[in-house]
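The structure appears below as structure tokens.
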Amino acid sequence: MKLLLDGALGREEKDEVMRMEDLGYPDKPTRQQKRDVKELMAILSRIYPCKECADHFKEVIRSNPVEAGSHHEFSQWVCRVHNVVNRSLGKLVFPCERVEARWGKLECEQRACDLQGTSMNFSNELK
């Protein structure tokens, strides 16, 4: 999802958004999960901080509807859409066959999902 992030967000934020498809999108999503990820992309196209980028993203997803049938399908869609945007910006494209090698799946067994820092109880702050 790095697609529209050039210029609006920094490199670290772009990598985090690109990893988004790996953070919880399953290999066999339910109908609700498919609807949710499609709605998430639509929401991003409405709230993106750069209006020109948001409008372009709306056009891109209208021409390239979200493919969310599986983790692999969604990851490949994100990469292809990223490349559509990169081409429009005159930038290099990313080889989509290397998505897993670059961003990979988040492996909680390797403690990569552990929270860092101190834990606090924020329940009293929620209203």
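Restricting attention to region 66-95, report how many residues are under 22 Å from R35 (Cβ atoms), open to solvent by 80 Å² or more (accessible area, probe 1.4 Å) and without any contact (Cβ under 8 Å) to a residue 24 or more places away in the chain.
1
Do you know which residues across region 82-101 are under 16 Å from the mean Cα position of the chain (by Cα) and polar (S, T, N, Q)?
Selection gives N83, N86.
Which members of region 29-49 meet the condition of being farther than 11 Å from G69 by Cβ and open to solvent by less than 70 Å² (accessible area, probe 1.4 Å)?
Residues satisfying the conditions are L40, M41, A42, I43, L44, S45, Y48.
Step by step: first the residues of region 9-28, then only those that are open to solvent by 70 Å² or more (accessible area, probe 1.4 Å) and in a helix (DSSP H, G or I), then the one that is modelled with the highest pLDDT. Which residue is that?
L23
Going by the structure shown, is I61 under 18 Å from N83 (Cα atoms), free of Cβ contacts under 8 Å to residues at least 40 places away in the same chain and in a helix (DSSP H, G or I)?
So I61 fits the description; yes.
The values are calculated or read from the model by the stated rules, or taken from the named source; none is laboratory data. Everything numeric in this text was worked out from a predicted model, so none of it was measured. Reconstructed Cβ throughout: ideal geometry from the backbone, glycine too, with neighbour counts over all protein chains shown. Side chains are part of the model used for accessible areas, which takes the heavy atoms of the whole protein and leaves out ligands, DNA and RNA. Shrake-Rupley method; radii C 1.70, N 1.55, O 1.52, S 1.80 Å.
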